[in-house]
1. With a 1.4 Å probe and every protein chain kept in, tell me what percent of the accessible surface of the chain is carbon plus sulfur.
2. Dimensions of the chain along principal axes (Cα, Å, largest first)?
3. Output ³J(HN,Hα) for the stretch 118-130: one whole-Hz value per residue in order, computed from phi by the Karplus curve 6.51 cos²θ - 1.76 cosθ + 1.60 with θ = phi - 60°, and x for Gly and Pro.
4. What pairs in LYS15/LYS57; LYS54/LYS135; LYS15/LYS123; LYS21/LYS135; LYS21/LYS54 have C-alpha atoms more than 20 Å from each other?
5. Tell me the angle of helix 239-250 to the major Cα principal axis of the chain, expressed in degrees between 0 and 90 and rounded to the nearest ten.
6. So in the stretch 109-214, what percent of DSSP beta bridges are antiparallel if you round to the nearest 5?
7. Report the antiparallel proportion of the DSSP beta bridges in the chain as a percent, rounded to a multiple of 5.
8. Per-residue HN-Hα couplings for the stretch 133-149, Karplus 6.51 cos²θ - 1.76 cosθ + 1.60 at θ = phi - 60°, whole Hz, x for Gly and Pro?
Amino acid sequence: MNDISPKAEIDPRAKIGDNCKIFPFAYIEGDVVIGDNCIIFPFVSILNGTRMGKNNKVHQGSVLAALPQDFDFRGERSELIIGDNNIIRENVVINRATHTGGQTVIGNDNFLMEGAHISHDTKVGNSCVFGYGTKIAGDCVIGDGTIFSSNVVENAGTRVGEGSLVMAGTAFSKDVPPYIIAGGTPATYHGVNTTMLSFHGISDKVQKHIANAYRLVFLGLTSVFDATKQIEEQVPDSPEIRNIIDFLTATDPKKGIIGKI
């Protein structure tokens with residue numbers, strides 16, 4: 001049974017699951033799907049194109065599926081897909097995608113702190129943390145378990161590999177590979193994110209292999225392409241090493257990775 005305030009403004013076409021609580025002054029448009037057990041706090045706007053899973057909490061002042069801030073947007077129908085068990089704190093803005101059939105995607109178990117902004121067509125994995133005031137531009141890809149400290153700015157079309165940490169106040173326009181700590185101006189490599197790796201049960205041996213791989217990438221006097229080949233030849237294989245290789249291989253040479261020209 002739902003607990004929906006009569007003071008909430010909800011289009012009758014909106015599909016709302018079971019056991020949801022919707023506070024006064026929430027605004028929900030018609031082309032919206034909300035799963036079971038969600039909590040929508042006052043003054044939240046959930047706009048057309050939102051497809052939300054279950055057990056999500058959306059706090060005051062947040063706007064979901066806001067129109068994309070993209071000069072190419074012509075009013076097409078698109079979507080914002082939100083998974084399960086996400087916490088979206090106050091004044092978060094998430095844009096839906098720009099073009100017909102496009103999707104902005106937020107996975108499961110993510111925590112978006114106050115004032116975070118996820119722009120159009122960005123894809124976010126699972127179990128990520130977005131610190132206060134962090135801004136993610138359009139068409140970005142963010143892997144599982146990524147942590148952004150406060151006031152991070154990720155510029156358009158960049159990728160962050162899983163398990164990485166981006167330090168507070170960092171702005172970057174290049175890819176951030178998996179399992180590392182990145183920060184500074186310009187953003188550079190600050191070592192392997194051993195805390196996250198240990199938390200996920202990655203052995204010390206594999207962590208040393210990851211560190212060796214990144215010595216080849218960031219400390220070697222060679223290109224990313226050649227460093228990737230050296231990792232394949234010199235570093236023992238594991239799912240984590242394979243993930244690093246795949247990420248580096250997929251990096252656009254015109255964009256590159258942090259710390260590399």
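1. Taking all protein chains in place, the chain shows 55 percent carbon and sulfur surface.
2. Principal axes ranked by extent give 64, 40, 29 Å for the Cα atoms.
3. For the stretch 118-130, the Karplus curve yields 10, 8, 4, 6, 7, 10, 10, x, 10, 6, 9, 10, 10 Hz.
4. Violating the 20 Å Cα-Cα cut-off are LYS54/LYS135; LYS15/LYS123; LYS21/LYS135.
5. Computed tilt is about 80 degrees.
6. 15
7. Restricted to the chain, the bridges split so that about 5 percent are antiparallel.
8. Ordered by residue, 3J(HN,Hα) equals x, 6, 10, 10, 6, x, 6, 8, 10, 10, x, 4, x, 6, 10, 9, 6 Hz.
The values are calculated or read from the model by the stated rules, or taken from the named source; none is laboratory data. Predicted model only: the values in this text are computed from it and were never measured. Please note that ligands, DNA and RNA were not included when accessible areas were found on the heavy atoms of the full protein model with its side chains. Shrake-Rupley method; radii C 1.70, N 1.55, O 1.52, S 1.80 Å.
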